[in-house]
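The values are calculated or read from the model by the stated rules, or taken from the named source; none is laboratory data. Keep in mind that this is a model prediction, so the values were computed, not measured. Don't worry about glycine lacking a Cβ; one is built from the backbone with ideal geometry, like all the others, and counts go over all protein chains shown. We work out accessible area using only protein heavy atoms, side chains counted, and drop any ligands, DNA or RNA first. Shrake-Rupley method; radii C 1.70, N 1.55, O 1.52, S 1.80 Å.
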Amino acid sequence: METLSAIARRQHEHRERTSGRLSAVLTSGLLPDDLVELATYYLAKAQRDLGLTDASRRGMQRVASAGGRLASPARRGLAHLSRLSGDFPTAVEAAGRLSWEGRHHRVLGDVWWVQGDMERAAAAYLAGRSEAEEHGGSTENSRPANDGAI
């Protein structure tokens, strides 16, 4: 119950609190195997937000390597961690390995955006939006984005 509570409250609490709660649950060893991936993924997200990139990278890598239902978001998280650390070639390479479900176009857009290449960023975001719409709008890219303008 603590795992689900921490995840549900993560947007309303400081990431340090979320990180502490999820770390305690994982350390307890009481989670069923099918929830360890969930707790590890959200702990890694909180760690990324706190600037604990090495710990976040280890957690995301564990989740991605497990190949479960959160593997794609974890691979996207690894791409974001590369971008945040300034390793843009790795971020671009990681984005290339993502599928539409992994929001590969959005990840590329984020890379080009921080590089100041607005034209490429806008094209990538628009491609992501179009691809999401083709697949039933099942990702956040399906939100209206000012007709493709950034």
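Things worth noting here:
- Condition check for A6: within 30 Å of E134 (Cα to Cα) and among the hydrophobic types (A, V, I, L, M, F, W, C): no
- Selection within region 16-40: residues that are open to solvent by less than 60 Å² (accessible area, probe 1.4 Å) and among the charged types (D, E, K, R). The member of this set that is nearest to S56 (Cα to Cα) is E37.
So that you can scan it fast, the table gives a plain yes or no per residue for (1) touching a Phe, Trp or Tyr at 6+ places or on another chain (Cβ under 7 Å); (2) among the polar types (S, T, N, Q); (3) in contact (Cβ under 8 Å) with a residue 40 or more places away in the chain:
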residue	(1), (2), (3)
R10	yes, no, no
V25	no, no, no
A46	no, no, no
R57	no, no, no
Q61	no, yes, no
R103	no, no, no
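- Whichever residue in region 1-12 is surrounded by fewer than 15 Cβ atoms within 10 Å (Cβ to Cβ) and part of a loop (DSSP other than H, G, I, E, B) and, among such residues, is modelled with the lowest pLDDT: H12
- Residue in region 41-52 that is more than 19 Å from R21 (Cβ to Cβ) and surrounded by fewer than 19 Cβ atoms within 10 Å (Cβ to Cβ) present: no
- Of all the listed residues (S130, S82, S65), the sole one being crowded, with 21+ Cβ neighbours inside 10 Å, among the polar types (S, T, N, Q) and in a helix (DSSP H, G or I) is S82.
- Residue match in region 135-150 (condition: more than 29 Å from Q61 (Cβ to Cβ), open to solvent by 80 Å² or more (accessible area, probe 1.4 Å), modelled with pLDDT under 85 and assigned to a helix (DSSP H, G or I)): yes
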